[in-house]
1. Can we say L268 is at pLDDT 90 or above, of a type outside the set (V, I, T), out of contact with any Lys or Arg (no Cβ under 7 Å at 6 or more places or on another chain) and surrounded by 20 or more Cβ atoms within 10 Å (Cβ to Cβ)?
2. In the list Q103, Q133, which residue meets the criterion of being outside any loop (DSSP other than H, G, I, E, B) and surrounded by 10 or more Cβ atoms within 10 Å (Cβ to Cβ)?
3. For R155, state whether it is of a type in the set (K, R) and under 30 Å from R330 (Cα atoms).
4. Taking the stated definitions as given, is Q115 assigned by TED's automatic domain parsing to the domain that holds Y242, farther than 30 Å from Y226 by Cα and either β-branched (V, I, T) or not in a loop (DSSP other than H, G, I, E, B) (or both)?
5. Please indicate, with yes or no, whether at least one residue in segment 287-298 is part of a helix (DSSP H, G or I), surrounded by 15 or more Cβ atoms within 10 Å (Cβ to Cβ) and over 24 Å from the mean Cα position of the chain (by Cα).
6. Does T49 satisfy the criteria of being in contact with a Lys or Arg (Cβ under 9 Å, 6 or more places away or on another chain) and at pLDDT 80 or above?
7. Based on what the data block shows, is E184 among the charged types (D, E, K, R) and not assigned by TED's automatic domain parsing to the domain that holds P301?
8. Scan segment 266-294 and report the pairs whose first residue is in contact (Cβ under 8 Å) with a residue 40 or more places away in the chain and not assigned by TED's automatic domain parsing to the domain that holds T171 and whose second residue is of a type in the set (G, A, S) and buried (at least 18 other Cβ atoms within 10 Å of the Cβ), with Cβ atoms within less than 6 Å and a gap of 6+ or a chain change.
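The values are calculated or read from the model by the stated rules, or taken from the named source; none is laboratory data. These figures come from a predicted structure and were not determined experimentally. Using ideal geometry, Cβ is built from the backbone for each residue, glycine included, and neighbour counts are taken over all protein chains shown.
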Amino acid sequence: MEFLASQQLLNPNQQNAASRRRISMDDRLTIHHSTDSYRNIAAQTGHSTSGVWYAKRRSSALSSLKNRPKRITVPEDKELLKFLDEAVDEEHLFIHRKEIAAQLRLHGYNLTPKQISKLAAYDGLYVARSVYQQMISPQNIDLRLFYRQYVMATRNFFYKHIFVDEAKILTGHNGNTEWYRLNERNKKHPRVAHRSGFTLFGGISRRGPTPFIIVPGNVRIDSEFYCNMIGHCIYPFMKDKYNMDCTLIQDNASIHVSKYTKDFLDQLGIRRSFFPPQSPDFTGIEYVWRNGKQFTSQKNPANLDELKLCIAEYVRNELTVEMCNTLIDRSITNILRSVDGMNHEGVRPTDLLYRDTH
């Protein structure tokens, strides 16, 4: 008996030890009808005093010697399941569980949001956080296909084109993951509501990058400001490198296609080309911003002065003529691969506007 007790203490979940803890139906009947003390009943039946106390209290409370019936957490009500299917149809996918509970109460069902989740799981449904991403619209897919046909028909490989755009670059680190040692707790980093930064404006071509302008982040760039940057950076570059025999390529931002901007470009004699909306993968300047944000993020600038130095270092050392040609060739590859108008930057085509290619 001592050996058996020690084995139960060493491994109480062992099968034979667990079977000895169970109270048989005969012993429950004896415990229920006995008027003796718990200690004497335990000695008679061979169970512990606490086990006898639990069995007697349980039989008195439930008026039954059997175990409690299996708890049914999900009501097997076909009408209730039908109502749930109607509540979360295609037109109401964003309905909240509290709203479903309120509607169920009107039909005589009083369920908590947690019970509704279990009911939904029983019916093959589950709740997940909504994911919002920029996606290429169907009409712009057609325009992307039209642009691809134009590039292939004219064999236009951007030898006399300048890609121009602007982008916001912020201080700090943009990464979402971090390396830790084993048994090392995750560090918490301070977060501000609005990170400071600069707007970087410039362009690239087969003959190298244009001059770049660093604009304070709190400056609003409208059509007039944009045209001033064109006049100070892009126009002199066109005259010097191409003798104005080149074409300007820009996306369809409002400041790029406004009447003020069009009149200004016509006045300077700058040719511009059609470019499909929602096509950052078709322009080489987009990769300048991606690489620049990654470059400054690795430097982890703590303030605006450090960020300005990082941007200047990136433009001076990274944006070479070879790099500009590599980025333009990458955009041409994306255009030729887009046989269905989709984004082909990764392994598989997608209608996402931006995708992680790493």
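1. In short, no.
2. Result of the check over Q103, Q133: Q103.
3. yes
4. Spelling it out, it is not the case that Q115 is assigned by TED's automatic domain parsing to the domain that holds Y242, farther than 30 Å from Y226 by Cα and either β-branched (V, I, T) or not in a loop (DSSP other than H, G, I, E, B) (or both).
5. So far as segment 287-298 goes, no, none of its residues is part of a helix (DSSP H, G or I), surrounded by 15 or more Cβ atoms within 10 Å (Cβ to Cβ) and over 24 Å from the mean Cα position of the chain (by Cα).
6. yes
7. It is true that E184 is among the charged types (D, E, K, R) and not assigned by TED's automatic domain parsing to the domain that holds P301.
8. Nothing qualifies.
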